Amino acid sequence: MRRKLVVGNWKMQGSRVANAELLAGLLAARPFSQGALEVAVCPPAVYLNEVAATLASSNIRWGAQDVSAHAQGAYTGEVSAAMLQELGCRYVLVGHSERRAYHAESDTLVALKAQAALGRGVTPIVCVGETLAERDAGQTEAVVKRQLSAVIHTLAHCAAEMVVAYEPVWAIGTGRTATPDQAQAVHAVLRAQLQAATGRADHMSILYGGSVKPDNAAQLFAQHDIDGGLIGGASLKAADFVAICRAVY
Ligand code: PEP
């Protein structure tokens, strides 16, 4: 069965006080997860320990925003998959467009990060998406397939264990969202690619991300191949994030 999943990407935002307030708002909305819906938040790495302690007895999961491709060693500033595993991370984002753009992360590096995470039992949420220029040039399908193909190739027989997030770069943090039809069309392409590679695409979750808000979530989540969302800005307001999670049903 395809898992319904909503993940909050806090990016480089928050503070100990703001995080406590946000999590209190989420915890107050219990029972938060219903049926097959899973909810997770991805705070900055420095707060993971505290977030893990706060959420330990809840049904909200937590994850990281990035992971090193290396197991350990002299990689100043990096955080390993083993460290994330030790903190109880269920998920880690890899290949977010902000990391691809600002840290020059290649398809190959993203794939190695996904592999490192899976090797430690942390599920990678692999982000793919085209820029506006690529969409306008009619390259959307080719771009997302290329990005996903690198990960499929590297994960090989474990590829069905990842979660995929389609995030059109032009919709992230811009207030401009893909229409449900535009999003569904790309999700269908990705699912077909996953099916061809793993034969298990009907067990894999593909999330949509890009300016999802309480007022557009239900229409997006109603699409056949959209299994939930990766939520940036709106995940920083408890009421909005809860409303988006509830829109899954
Ligand atoms: C994201 O950062 O993954 C994201 C989708 O951001 P936003 O919801 O703010 O567009």
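So which residues in segment 175-215 are basic (K, R), modelled with pLDDT of 95 or more and out of contact with any strand residue (DSSP E or B) (no Cβ under 7 Å at 6 or more places or on another chain)?
Going through segment 175-215, the residues basic (K, R) turn out to be 176, 191, 200, 213.
Subsequent filtering for residues that are modelled with pLDDT of 95 or more retains 191, 200, 213.
The answer is R200, K213.
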Which one is surrounded by the fewest Cβ atoms within 10 Å (Cβ to Cβ) among residues in segment 180-208 that are closer than 16 Å to R135 by Cα and among the small types (G, A, S)?
A185
Across segment 56-79, which residue is surrounded by the most Cβ atoms within 10 Å (Cβ to Cβ) among those that are in a loop (DSSP other than H, G, I, E, B) and touching a residue at least 40 places away in the same chain (Cβ under 8 Å)?
V67
Residue hits (segment 214-237; more than 19 Å from R3 (Cβ to Cβ) and within 15 Å of the ligand (Cβ to nearest atom)) are P214, D215, N216, G232, G233, A234, L236, K237
When restricted to L190, L194, L207, the only residue within 14 Å of the ligand (Cβ to nearest atom) and either of a type in the set (D, E, K, R) or closer than 24 Å to A117 by Cβ (or both) is L207
Would you point out which residue out of G228, G199 is at positive phi and in contact with a Phe, Trp or Tyr (Cβ under 8 Å, 6 or more places away or on another chain)?
G228
Pull up segment 146-181, narrow it to residues that are of a type in the set (G, A, S) and more than 16 Å from the ligand (Cβ to nearest atom), then point me to the one that is farthest from M204 (Cα to Cα).
A150
Restricting to segment 23-51, what's the tally of residues that are surrounded by 16 or more Cβ atoms within 10 Å (Cβ to Cβ) and either among the small types (G, A, S) or free of Cβ contacts under 8 Å to residues at least 24 places away in the same chain (or both)?
4
Any residue in segment 2-21 that is closer than 27 Å to Q195 by Cβ and surrounded by fewer than 18 Cβ atoms within 10 Å (Cβ to Cβ)?
yes
Just to be sure, is L194 touching a residue at least 40 places away in the same chain (Cβ under 8 Å) and under 14 Å from V6 (Cβ atoms)?
no
In segment 108-156, what residues are under 29 Å from A71 (Cβ atoms), out of contact with any Ser or Thr (no Cβ under 9 Å at 6 or more places or on another chain) and not aliphatic (A, V, I, L, M)?
G119, G121, T123, P124, R146, Q147, S149, H153
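The values are calculated or read from the model by the stated rules, or taken from the named source; none is laboratory data. The structure presented is a predicted model; accordingly, all values stated were derived computationally and were not measured. Methodologically, a virtual Cβ is constructed for each residue, glycine included, from the backbone with ideal geometry; neighbour enumeration extends over all protein chains shown.
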